[in-house]
Amino acid sequence: MKSPPKSPAPLLPEVQRLVENMHRAGRPPMHALGVAQARAFYDAGAPILDLAAPPVERVQDLVIPARDGHRMAARLYANPCASRSGQPLPVLLYLHGGGFTIGSLATHDVLCRQLSLHGQCAVVALDYRLAPEHRFPTAVQDAWDALVWLAQHATSLGLDGQRLALGGDSAGGTLAAVCALMARDAGLPLRLQLLFYPGTTAHQDTDSHRLYERGYLLDRDTVDWFFAQYIDPQDRDDWRFAPLNASDHAGVAPAWLGLAECDPLVDEGLAYADTLRLAGVAVDLDIYRGVIHGFVTMGRAIAQARQAHADAGRALVLAWSGGAGPAG
């Protein structure tokens, strides 16, 4: 007997109003803008829905070298007073979302400040190189090079390199999941992989991609456009693009996943959580009901974003103390 077709989950009223207002305003889809305009549009629009930037005592611009000599911009956020013992702060390397094509240090400034405050840690945000100028696997290599550099230079920054975590949202969550696998293989210990609605599959063919492909801001045409900028079709099954395709997930860092219920990517996030659990990895999963992809940077409009900041912060604090979160 065939299962009845699934229906989209209802949006929260405030999210429904947000989506309707954007449609009434004639918000152009990313794929209709072109790369330069899409980046400018995203940079300009990010502060409108996000919270005001909370004060953080230490904000320091950094330069991190990539393997080919490129100098990657990065930004360190820290509140030294968060360490009650006076010991160096643990540190999270954060990789922003944006379909590997848009996004910047500026678009995720507030989120990184929130994670620093809630997580009682330092956060280093990375400005990895974007497509189409730099196609797959450049972003992966940049993220990995930054993680290795941070592990080696944390002490010189006054940070605790023995308590190191990795995180990201959307495409940044993909990069974080991939680098967590690479860290396992390299013997680089991580306390946590912090993943907001990561992409994990090679092809967008899940039920949630069909349910939420239109009318939820991240539409199918935009997803296709992002990936066309970033990766060739023959490379789509590479686990460095689709970490669900990795041959073995055992031994990777414990994971916290924060997923949006009304998101094309929610099914692949759930599949990744299940895969990690089956491999014996401790997984803490939060699903935020009635919200859309990208909601964690919409804290001014969506209360669930503020809850997600706090939940992610608690996962980080637990990881710093040596806890691994639930395994099921």
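Values in this text are rule-based calculations from the coordinates and carry no lab data. Owing to the predicted nature of the structure, the values given are computational and were not obtained by experimental measurement. Please note: Cβ atoms are built from the backbone with ideal geometry, for glycine as well, and neighbour counts cover all protein chains shown.
A few points about this structure:
- For the pair segment 268-315 / segment 250-267, the C-alpha centres are spaced 6 Å from each other.
- DSSP loop GluC sites (Glu not before Pro) with at most 14 other Cβ within 10 Å: longest gap in the chain: 134-328
- Amide hydrogen proximity for ARG135: with H placed 1.01 Å from N in the peptide plane, no residue at 5 or more positions away or on another chain lies under 5 Å.
- Computed about the Cα centre, the dipole magnitude for the chain is approximately 660 debye when only Lys and Arg (+1) and Asp and Glu (-1) carry charge, each at its Cβ.
- Cα centroid separation - segment 1-72 against segment 218-244, whole Å: 18 Å
- Inter-part distance, segment 179-204 to segment 147-170, computed on C-alpha centroids, equals 15 Å.
- Residue-averaged 222 nm ellipticity for the chain, from DSSP H runs of 4+ at -39500 (n - 2.57), nearest 500: -11500 deg cm²/dmol
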